[in-house]
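Visitor: Can you keep this structure in mind? I'll have questions shortly.
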Amino acid sequence: MNLYNIKDNSEQVSFAQAVRQGLGREQGLFFPDVIAPLADVDALLALPLAERSARIISHLLGDEVPAAKVSELINAAFTFPAPLVKLKDGTYALELFHGPTLAFKDFGGRFMAQCLAAFRTNDKITILTATSGDTGAAVAHAFYGLEGIEVVILYPKGKISPLQEKLFCTLGGNIRTIAIDGDFDACQALVKDAFDDEALKKAIGLNSANSINISRLLAQVCYYFEAVAQLPKADRAKAVISVPSGNFGNLTAGLIAKALGLPVKRFIAATNANDTVPRYLKTGQWEPHQTVATLSNAMDVSRPNNWPRVEELCRREGWALETLGSGMRDDAQTRAALKRLHQLDYLCEPHGAIAWDLLGEQLTEDEVGVFLCTAHPAKFKESVDEILNLNVPLPGPLAKHAELPLLSVNLPAEFARLRAFLVG
Ligand SMILES: Cc1ncc(COP(=O)(O)O)c(C=O)c1O
C-alpha cells in the first residue's frame, strides 16, 4: 500500500512507515493513493467478521503484508462481535462496544497495537495521544504490557467521565496518563507541537495512536461491512448510516468502506453542539467556535483533525460534499432522545442517541437506517443514570477499574512542561 501526505503529496510512504510515523511533514495526514473497489462484495458479506476483515485489509495493503500475516493481526485484534440490533422503530443499532474497553475504539486501537508490534524496528517507541475519552482507554489497553513501547495519554482535566478516566488512568506499567488544564483541542494542539519538535520526536521515537494513524481507520472500515452484512439483503442498498462524530475518523472509515464498494446509500455526520462540520456543510464557511462541554463529551471537538481526509476522499471519488447528511443535537435534545430510545426498550448513551435522533429526522420512507452505538451505556453512567433515573450496572472490566486509584499527573496546557515530562 502506498500512501501520500495530503499536505505535501511528494511525501510517499508504505503502510508500515505510515503506521510507525503517524503524521507526515507539516502535520499532514497520510492517505492511501488507491482505494480500488473490492471484486465480489456480496460474497465477502457472507463471511464471518474476522475472515471478511482480513480480506478487506489484505486488499487494501496489497503486496506489502502477506495475507496470512494480515489474518494473524486481525484475529488477535478482533476478538469480539459487533451485533446489529433491530429497534422497535425499525432502525438498527450497530453495537460497537463489546470489546475490552467497551467502545468502538477497541477495533482501531487493538489493530494498531498489533501492526506497530509487527512492524516495529528495534528503536524505542513512545505513543503520544490525546483523548476526549475513549481513545485513551482503547489505546492504553491495546498497548498495555507490550515490550519496548511506552504510552503517554493526554486528556482534558475534569472533562471526561470519571469512569472513562478510571479505565485508562489506573493501569501503570508502560502506560502514563496526564490530565491537562484545558479542553480536548488544547490536548490535541500539544500532541501536534510534540510531533513538530524533530529533536524530541527522534529522542523518544514519537508515534501517535489517535485516529490520525491510518491503521486505526482501516480497522474501522471493517465494521461498516459488518453492519451491512447483518442487514436483510433487500435492504442493503437502502442503508443510511448515522455516525456520531467528533474527530471524524469514524466517518472517514465509513466513506472508505463506500469507496471499496460497500452498498451504503449515504451517511449522516451527527455532532453535538460542537457543530463546525454541519455548519460548514450548510454554509460553506469553516468557522470553528470555542469548544463547549456537552453530555457527549467524546465529541467535544470543534477542529476535527480527520476532516481533510473526508474532503480528500470526496474530491477523489467525485462525491459532492453536500451529499453528506449532517446535523447537530444540543444537550436538551440528547436527553430527550435518550429517553425516547429507552421507551423503545433500548438503553443507549449520549453519543449513540445523537446519531439515532438525527437518523430519525433525516431518514426517508424508502430508506433503512443504521446508527452507530460507539460506547456502552455504563461508560457514561453518571449522565445515563441521571437522565433515565436508572442505576446502570457496570460491566466486568469497568467494575474492576472503578475501584483502583488514579495514577495521572496534572500539567498546564504548556508544551515546554509536556516536553520536560516526556524527556525526563
Ligand atoms: C463514544 C464516542 N462516540 C463517538 C466518537 C466520535 O468519533 P470520531 O472522533 O472518530 O468522529 C468518539 C470519539 O472519541 C467516542 O468516543
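Visitor: Among the residues of region 193-205, are any acidic (D, E), buried (at least 22 other Cβ atoms within 10 Å of the Cβ) and closer than 27 Å to I6 by Cα? Quick ask: steps written out before the conclusion?
Guide: Keep residues of region 193-205 that are acidic (D, E), which gives 193, 196-198.
Narrowing the set further to residues that are buried (at least 22 other Cβ atoms within 10 Å of the Cβ) leaves none.
Looking for residues that are acidic (D, E), buried (at least 22 other Cβ atoms within 10 Å of the Cβ) and closer than 27 Å to I6 by Cα, one finds none in region 193-205, hence no.
Visitor: Restricting to helices (runs of 4 or more DSSP H) lying wholly in region 63-170: which have 2 or more residues that are more than 20 Å from the chain's Cα centre (by Cα) and at pLDDT 95 or above?
Guide: Values: elements: 67-77, 105-119, 134-143, 162-168.
Correct list: 67-77.
Visitor: Something else now. Select from region 321-350 the residues that are surrounded by 21 or more Cβ atoms within 10 Å (Cβ to Cβ), over 23 Å from the mean Cα position of the chain (by Cα) and either closer than 17 Å to T271 by Cβ or among the charged types (D, E, K, R) (or both) and list them in ascending order.
Guide: None; the set is empty.
Visitor: Give the residue that is nearest to the ligand (Cβ to nearest atom), with candidates limited to residues of region 284-300 that are assigned to a loop (DSSP other than H, G, I, E, B) and among the aliphatic types (A, V, I, L, M). Give the derivation first.
Guide: To start, the set of residues in region 284-300 that are assigned to a loop (DSSP other than H, G, I, E, B) comprises 284-296, 300.
Retained after the next criterion (residues that are among the aliphatic types (A, V, I, L, M)): 292-293, 295.
Numbers: V292: 16, A293: 14, L295: 11 Å.
Taking the candidates together, the pick is L295.
Visitor: Could you tell me which residue of region 364-413 is farthest from the ligand (Cβ to nearest atom), considering only residues that are in a helix (DSSP H, G or I) and charged (D, E, K, R)?
Guide: Among those that are in a helix (DSSP H, G or I) and charged (D, E, K, R), it is K400.
Visitor: Considering region 236-274 alone, what residues qualify as being away from the ligand (no atom under 12 Å from the Cβ) and either modelled with pLDDT under 95 or under 20 Å from E349 (Cα atoms) (or both)?
Guide: R236, A237, I241, I268, A273, listed by residue number.
Visitor: Under 8 Å by Cβ, and 6 or more places apart or on different chains, what pairs join a residue from region 286-304 that is closer than 13 Å to D185 by Cβ with one that is of a type in the set (A, V, I, L, M) and not in a loop (DSSP other than H, G, I, E, B)?
Guide: Taking only residues 6 or more apart or on different chains, the pairs are M299/I354; P304/V277.
Conditions (1) closer than 23 Å to F225 by Cα; (2) small (G, A, S), marked per residue:
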| site | (1), (2) |
| --- | --- |
| T334 | no, no |
| A337 | no, yes |
| L341 | no, no |
| L344 | no, no |
| L347 | no, no |
| P350 | no, no |
| A355 | yes, yes |
| L363 | yes, no |
| V368 | yes, no |
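Visitor: Find all pairs meeting these conditions: Cβ atoms under 7 angstrom apart; at least six residues apart or on different chains; first residue within region 120-132 and aliphatic (A, V, I, L, M); second residue within 16 Å of the ligand (Cβ to nearest atom) and in a strand (DSSP E or B).
Guide: A130/L154
Visitor: I've got another one for you. For region 342-363, how many residues meet the condition of being outside any loop (DSSP other than H, G, I, E, B) and away from the ligand (no atom under 15 Å from the Cβ)? Full working, then the answer.
Guide: Within region 342-363, the first condition is being outside any loop (DSSP other than H, G, I, E, B), and the residues that meet it are 342-343, 350-362.
Now restrict to residues that are away from the ligand (no atom under 15 Å from the Cβ): 342-343, 360-362.
Adding up the residues that qualify gives 5.
Visitor: Take the conditions under 28 Å from C187 (Cβ atoms) and in a strand (DSSP E or B) and apply them to G327. Does it pass? Steps first, please.
Guide: Details: under 28 Å from C187 (Cβ atoms): yes; in a strand (DSSP E or B): yes.
Yes; evaluated as a whole, the condition is true for this residue.
The values are calculated or read from the model by the stated rules, or taken from the named source; none is laboratory data. Just so it is clear, the model here is predicted, and its values are computed rather than measured. Please note: Cβ atoms are built from the backbone with ideal geometry, for glycine as well, and neighbour counts cover all protein chains shown.
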